[in-house]
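Notes to accompany the following structure.
None of the figures in this text is laboratory data; all of them are computed from the coordinates on show. The structure presented is a predicted model; accordingly, all values stated were derived computationally and were not measured. Cβ coordinates were reconstructed from backbone atoms using ideal geometry, including for glycine residues, and neighbour counts include every protein chain displayed.
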Amino acid sequence: MPSKEIKSGYVCITGKPNVGKSSLINTITSNKTAIVSYKSQTTRNQIKAIYQDQFSKIIFIDTPGLHFAKNKLDLFLNSQVKQAYKQSDLVLLLVDLTKSLDDED
Ligand SMILES: Nc1nc2c(ncn2[C@@H]2O[C@H](COP(=O)(O)OP(=O)(O)OP(=O)(O)O)[C@@H](O)[C@H]2O)c(=O)[nH]1
Ligand SMILES: [Mg+2]
């Protein structure tokens with residue numbers, strides 16, 4: 001018998017750019033909170049979206065794609081990801097297995 005107490009927590013979705021992080025969050029939360037695009041590095045900051053059912057409330061954090069930094073914008077984007085890790089109870093790593101893995105994965 002499940003407890004009546006609602007459990008809640010933060011789940012950060014991470015992975016390299018363009019693997020479908022924002023698409024996954026929109027699907028899970030049945031919302032269009034995060035912008036989805038074929039262009040890499042569309043997400044530029046943390047975006048929170050809430051999933052709720054009768055037992056749980058999960059705050060998903062969408063993040064920019066983690067990648068090797070070449071300039072100041074890259075460093076900023078990666079810093080957003082690392083801040084999101086610190087706020088999260090769980091980190092979900094998303095990998096696109098339709099493409100071959102590389103060092104950024
Ligand atoms: N074939 C396929 N394409 C997908 C899937 N999920 C997302 N896409 C496509 O992949 C592209 C990138 O999706 P996003 O959700 O914006 O990816 P992201 O990881 O948030 O990208 P960044 O914010 O740039 O890091 C878009 O063109 C999506 O339509 C999937 O499950 N299958
Ligand atoms: Mg995104």
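Let a ≥ b ≥ c be the square roots of the eigenvalues of the Cα gyration tensor of the range 32-87; is it rounded (a/c under 1.5), or, if not, prolate (a/b larger than b/c) or oblate? Please list the in-between numbers first.
On the way: a/c = 3.79, a/b = 1.80, b/c = 2.10.
In terms of gyration-tensor shape, oblate.
Using only the Cα atoms of the chain, construct the convex hull and provide its projected area averaged over every direction, in square nanometres to one decimal.
Working: hull surface 30.5 nm².
Dividing the Cα hull surface by four gives the mean projection, 7.6 nm².
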Fill in: L97 paired with N31, simple spin-label distance in nm, labels 7 Å along Cα-to-beta-carbon
2.9
Practice prompt. Please build a GNM for the chain, connecting alpha carbons under 10 Å apart, and tell me which residue among I50, I61, I13 fluctuates the most.
Written response: I50
Discussion item. Only four residue types carry charge here, +1 at the Cβ of Lys and Arg and -1 at the Cβ of Asp and Glu. Report the dipole size of the range 1-76 about the Cα centre in Debye, rounded to the nearest 20.
Written reply: 220
Fill in: Over 18 Å (Cα to Cα) - which of K39/K99; K48/K86; K48/K70 fall in this group
K48/K70
Worksheet item: Taking the chain as a Gaussian network, where each spring joins two C-alpha atoms under 10 Å apart, which residue of F55, F76, F68 fluctuates the most?
Response: F55
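Quick one: net charge of Q46's neighbours, Cβ under 14 Å, K/R +1, D/E -1?
Details: positive: K21, R44, K48, K82, K86; negative: D62.
Summing Lys and Arg as +1 and Asp and Glu as -1 gives +4.
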Worksheet entry | Placed amide H near Q41: partners under 5 Å, 5+ positions off or other chain | N18, G65
Discussion item. Explain nothing, just the number: relative contact order of the chain, from Cα pairs under 8 Å at least 6 residues apart, as a whole percent.
Written reply: 36
